[in-house]
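Everything on this sheet refers to the single structure shown next.
The values are calculated or read from the model by the stated rules, or taken from the named source; none is laboratory data. Keep in mind it's a predicted model, so treat the numbers as computed, not measured. Positions of Cβ are backbone-derived with ideal geometry, glycine not excepted, and every protein chain shown enters the neighbour counts. To get the accessible areas, we keep the full protein, side chains included, count just its heavy atoms, and leave off ligands, DNA and RNA. Shrake-Rupley method; radii C 1.70, N 1.55, O 1.52, S 1.80 Å.
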Amino acid sequence: MGRRPVVWRGVKGMKDATMTPSTLHDLDVILKTEDIGVEYENGTVALDGVSLDIPEGQLTALLGPSGCGKTTLLKVIAGLVTPNRGTVTVRDTAIDGPGRDRALVFQDFALLPWATVLDNVAFGLRASGVPRKVRHETARHYISEVGLSGFEDKYPHELSGGMRQRTGLARALCVQSDILMMDEPFSAVDEQMRRKLQEDLLELLKVERKTVIFVTHSIEEAVYLADQVVILSGRPGKIASIVRPDIDRKGDVDVIRRQPHYVELVDEIWGSLRRYVE
């Protein structure tokens, strides 16, 4: 028998499971959303009553059907969208817009086409007034960390999709934010590159120890990467369930993905999401 995941019941849809005290009480919370509601001018309610704790130093995946408000929630946390109600706090301080404590990696890379890899990665530091020598030294460090050493003078059109995404990741890391937000960062690359980027991200986070909020449509990706999977219901987005997969990530990735616990959890989450998709 595989280990059972830790599950909080939210709206509906997931079975209860045993929760250990260490899982619930020994994690420091760096970011909280409280009763977030977002309604667009056309009357569409994107989010309704979303209250969520983000544990420090862990990866939280936001998972749910298309249109459920995952990206909207990420933009609220980033300070790019102002909710109609509710608050977001970072270390108990309410946010009122973007800040250097939060960095965003976009789905479409969002690189400057006229700038080299080095200048793209250093862009955030330049905007903050960091001297050229310092920002380039910092940028070169993170370019190396994402495996792009030797490509500093290349332009985005000279890079593969995976390399462009690595550049975007290095740029987000370069500003040295505590919280890294990633909006479907691997969806624009093929499946082989996606798996490689997933592996590389986990290895990178062992070094960087960032708090990550990761939006994805992929159940397999969420279970493989996340310490905490937040499942949103169909629109308006509400928290349906929160799952802590407790996956053993040691060893070969293909072996990890064949673990009975991994397979069972993917199937169980799909069972909870199916009704929203249908």
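Peptides 64-72, 131-139, 35-43 ranked from most to least packed by the mean count of surrounding Cβ atoms within 10 Å: 64-72, 131-139, 35-43. Helix 191-208 axis versus longest C-alpha principal axis of the chain: approximately 80°, rounded to the nearest ten.
Each Lys and Arg Cβ is given +1 and each Asp and Glu Cβ -1; about its Cα centre, the range 144-278 then shows a dipole of about 320 debye. Once C-alpha pairs closer than 8 Å and six or more residues apart are averaged by separation and normalised to the residue number of the range 172-278, the relative contact order reads 21 percent.
Note on Gln107/Gln176: beta-carbon distance plugged into 1/(1 + (r/R0)^6) with R0 of 35 Å gives a FRET efficiency of 0.95.
Solvent-accessible surface of the range 41-176, taken per residue with a 1.4 Å probe and all protein chains present: 48 Å². Taking label positions 7 Å along the Cα-Cβ direction at both Ser66 and Glu199, the computed distance is 3.1 nm, reported to one decimal. The relative contact order of the range 83-165 comes to 31 percent, based on Cα pairs under 8 Å that sit 6 or more residues apart. With R₀ set to 41 Å, the beta-carbon distance separating Tyr40 from Val263 gives a calculated FRET efficiency near 0.60. Relative contact order for the chain: 28 percent, from Cα pairs under 8 Å spaced at least 6 residues apart, divided by residue count. Average accessible surface for the range 205-251: 36 Å² per residue, computed with a 1.4 Å probe over protein heavy atoms with every protein chain in place. Considering only Leu104, Leu27, Gln259, whose Cα is most displaced toward the positive end of the charge dipole of the chain, charges sitting on Cβ of Lys, Arg (+1) and Asp, Glu (-1)? The residue sitting farthest along the positive end of the dipole is Leu104. Rg over Rh for the range 90-151 works out to 1.02, both radii taken from alpha-carbon positions and Rh defined as the Kirkwood radius. Sorted on the mean count of surrounding Cβ atoms within 10 Å across their residues, most packed first, peptides 76-83, 171-178 read 171-178, 76-83. Once both axes come from the Cα atoms, what is the angle between helix 161-174 and the longest principal axis of the chain, in degrees from 0 to 90, rounded to 10? Value to nearest ten degrees: 90. At the listed q of 0.14, 0.18, 0.21 Å⁻¹, the Debye profile of the range 34-162, built from one uniform point per Cα, gives log10 I(q)/I(0) equal to -0.81, -1.07, -1.20. Placing +1 on the Cβ of every Lys and Arg and -1 on the Cβ of every Asp and Glu, with nothing else charged, gives the chain a dipole about its Cα centre of roughly 140 debye. Only helices enter this figure: runs of n ≥ 4 DSSP H residues, each worth -39500 (n - 2.57), summed and divided by the residues of the chain, yield -10500 deg cm²/dmol at 222 nm to the nearest 500.
Label reach from Glu56 (point 7 Å along Cα→C-beta): in the range 189-212, amide nitrogens under 13 Å belong to 210-211. Placing +1 on the Cβ of every Lys and Arg and -1 on the Cβ of every Asp and Glu, with nothing else charged, gives the range 45-142 a dipole about its Cα centre of roughly 400 debye. Quick one: which residues, 5+ away or cross-chain, put their amide H under 5 Å from the amide H of Thr211? H built at 1.01 Å from N. Under 5 Å from the amide H of Thr211 lie the amide H atoms of Gly57, Leu180, each far enough along the sequence or on another chain.
Across the accessible surface of the chain, with the other protein chains kept in place and a 1.4 Å probe, carbon and sulfur atoms take up 48 percent.
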